[in-house]
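Comments concern the structure below.
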Amino acid sequence: MTDARYDFASDNVAGAMPEVMEALIAANAGTASGYGTDHVSARAADLIREALGADADIRFTASGTAANAVALAALAQPHEAVLAHEHAHVCTDETGAPGFFGHGVGLIGLPGPSGKIDLPALTEALSQPDVSYRQPAAALSLTQATEYGTVYAQADLEALIQPVKAMGYGVHLDGARLANAVAAGFDLKSVAKMGVDILIMGGTKSGSTPTEAVVLLNKALARRFDARLKHAGQLVSKGRYLAAPWIGLLETGAWSVRAAHANAMARRLAAQMPFPVRHPVEANGLFVEMDEAALDRLRGQGWFVYRFLDGTVRFMCSWATTPDMVDELGAALKAVS
């Protein structure tokens, strides 16, 4: 077997884009105050508020898992639970972090096609009576773009959020791949108008060094939030290095422009895919039906990809994916099909 290639294993395998590295170098000059009180963090926060068209308090973490978990801990008490799609990252890939950071906060998984929560299932969950022996729902967690590379329409998100807000519950939006959703046509400025309390804007998967922006659209949650981050080990002393990438991502437009490229590469791969594609290709991922023998043959040629939660094989494109890389993979797929 040849050495494994990780080009399409995840959008995390690519390095950081040039705009990010240039912003980090610029931020490295001179001295700066600590723990997010510096001029670089202030500039990055201003750019995020401008992009959202909304006032918000902004914090930065080095981990999407920590960002999500701390956010959910701010929206639910230890005896309560968060509603989310059953295949959402918070439910399947964060090793109980929401419960750990939330000191017992539970998760209630909901079904729905292609990673999107089914509205009747949400309605049913919200109708459950409060009883002493079960953690009641206190918040909703949504993912945009979804774990299956699909993008919620604005109206669909609003339909899910409205009944949750009507009950006085909180709303968290996991935007690890929000850039790809925006590049697919989702209006970023709509987020603040929907009733989202905490938005996580993803930098890492979008082509940055590790950084996620925690956007507190509900500014009442900002009270003692720095203490919450410190308690979770997420209040970084040299905070400018988490904030600086966002200047490179947003000031240049690279966050969405390069996501559009990743989306285009996914469509290019879909056009060459000899295996059935199970979910709509709307962002930067493809999920295809492939038997184990074909997957073994592909891996035998040196390509490493994952079998995902629903049994499909996942192919992810990134800002750094090139047409030549896609075409080479396309040829390999045809050879093993």
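The values are calculated or read from the model by the stated rules, or taken from the named source; none is laboratory data. Fair warning: this is a prediction, and the values are worked out from it, not measured in the lab. Please note: Cβ atoms are built from the backbone with ideal geometry, for glycine as well, and neighbour counts cover all protein chains shown. Ligands, DNA and RNA are excluded from the accessible area calculation, which covers all protein heavy atoms including side chains. Shrake-Rupley method; radii C 1.70, N 1.55, O 1.52, S 1.80 Å.
Filtering HIS103, HIS87 for residues that are touching an Asp or Glu at 6+ places or on another chain (Cβ under 8 Å) and open to solvent by 20 Å² or more (accessible area, probe 1.4 Å) leaves a single hit, HIS87. When restricted to residues that are within 23 Å of ALA153 (Cβ to Cβ), in contact (Cβ under 8 Å) with a residue 24 or more places away in the chain and touching a strand residue (DSSP E or B) at 6+ places or on another chain (Cβ under 8 Å), the stretch 229-285 contains 5.
Every listed requirement among (1) open to solvent by less than 70 Å² (accessible area, probe 1.4 Å); (2) over 20 Å from ARG177 (Cβ atoms) is met by ALA271 save one, (1). Working only within the stretch 113-147, note down all residues that are free of Cβ contacts under 8 Å to residues at least 60 places away in the same chain, open to solvent by less than 30 Å² (accessible area, probe 1.4 Å) and not in a loop (DSSP other than H, G, I, E, B). ALA121, LEU122, ALA125, LEU126, ALA137, LEU140, LEU142, THR143, listed by residue number.
Restricting GLY36, GLY64 to those that are surrounded by 17 or more Cβ atoms within 10 Å (Cβ to Cβ), under 15 Å from ILE198 (Cα atoms) and of a type in the set (Gly, Ala, Ser) reduces the list to GLY64. The number of residues in the stretch 204-224 being part of a helix (DSSP H, G or I) and under 18 Å from ARG49 (Cα atoms) comes to 4.
Of all residues in the stretch 313-337, those that are out of contact with any helix residue (DSSP H, G or I) (no Cβ under 6 Å at 6 or more places or on another chain) and part of a helix (DSSP H, G or I) total 11.
Taking the stretch 1-96 and the helices (runs of 4 or more DSSP H) fully enclosed by it, the elements with 3 or more residues that are closer than 30 Å to SER132 by Cα are at 64-75, 89-92. Take the conditions of a type in the set (Asp, Glu), touching a Lys or Arg at 6+ places or on another chain (Cβ under 9 Å), at pLDDT 95 or above and within 29 Å of ASP93 (Cα to Cα) and apply them to ASP11. Does it pass? Criteria met by ASP11. Test LEU298 against the stated conditions and say whether it is of a type outside the set (D, E, K, R) and assigned to a helix (DSSP H, G or I). Yes; evaluated as a whole, the condition is true for this residue. With a requirement of 3 or more residues that are open to solvent by 40 Å² or more (accessible area, probe 1.4 Å) and not acidic (Asp, Glu), the helices (runs of 4 or more DSSP H) lying completely within the stretch 148-197 that satisfy it span 154-166.
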